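Take a look at the structure below.
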Amino acid sequence: MSAKLTIEQVRHVAQLASLALSDAEADALASDLGSIIQHVASLDRLDVSGVEPTLHPSQMAPALRPDVIVPSLPRELYFAAAPETAHGGFAVPKVLDGD
């Protein structure tokens with residue numbers, strides 16, 4: 001089964017990921033991603049009818065710490081280390097357009 005991606009498909013995915021690719025990088029990625037897709041598609045041919053579904057590969061119980069309330073440091077201590085604060089919180093640059 002051939003899972004060759006076109007250069008246009010690779011460039012489209014690169015655009016969605018905000019990546020700039022050279023022609024050589026796009027060619028290499030088309031080949032590499034095609035190989036990955038082909039490998040994943042080969043998993044469809046495996047007979048897993050006798051395999052029990054699992055939620056996690058390990059049957060061990062997760063190691064959880066007790067949920068204990070402990071006092072935190074005063075807010076002023078955190079704000080003293082911040083470059084800028086506003087309205088009782090940390091001031092950060094705007095990253096999204098709009099209101």
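The values are calculated or read from the model by the stated rules, or taken from the named source; none is laboratory data. Computed from a predicted model, the values in this text were never measured in an experiment. Glycine gets a Cβ as well: all are built from the backbone with ideal geometry, and neighbour counts include every protein chain shown.
Please tell me if LEU55 is part of a loop (DSSP other than H, G, I, E, B) and surrounded by 10 or more Cβ atoms within 10 Å (Cβ to Cβ). For LEU55, the condition - part of a loop (DSSP other than H, G, I, E, B) and surrounded by 10 or more Cβ atoms within 10 Å (Cβ to Cβ) - is not met. Scan segment 14-33 for residues that are free of Cβ contacts under 8 Å to residues at least 12 places away in the same chain and among the aliphatic types (A, V, I, L, M) and the total you get is 7. In the set (1) over 18 Å from THR6 (Cα atoms); (2) at pLDDT 90 or above, HIS56 fails one condition alone, (2). Answer yes or no: is there a residue in segment 16-31 that is modelled with pLDDT of 90 or more, loosely packed, with under 10 Cβ neighbours inside 10 Å and either touching a Phe, Trp or Tyr at 6+ places or on another chain (Cβ under 6 Å) or at positive phi (or both). There is at least one residue in segment 16-31 that is modelled with pLDDT of 90 or more, loosely packed, with under 10 Cβ neighbours inside 10 Å and either touching a Phe, Trp or Tyr at 6+ places or on another chain (Cβ under 6 Å) or at positive phi (or both).
May I ask you to verify whether VAL95 is exposed (fewer than 10 other Cβ atoms within 10 Å of the Cβ), over 30 Å from HIS12 (Cβ atoms) and either touching a Cys at 6+ places or on another chain (Cβ under 9 Å) or aliphatic (A, V, I, L, M) (or both)? No. Scan segment 79-91 for residues that are surrounded by 10 or more Cβ atoms within 10 Å (Cβ to Cβ) and either at pLDDT below 90 or not in a loop (DSSP other than H, G, I, E, B) (or both) and the total you get is 4.
Yes/no per residue for (1) hydrophobic (A, V, I, L, M, F, W, C); (2) under 30 Å from LEU5 (Cβ atoms); (3) in contact (Cβ under 8 Å) with a residue 40 or more places away in the chain; (4) not in a loop (DSSP other than H, G, I, E, B):
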| residue | (1), (2), (3), (4) |
| --- | --- |
| SER35 | no, yes, no, yes |
| SER49 | no, no, no, no |
| PRO66 | no, no, no, no |
| LEU77 | yes, no, no, yes |
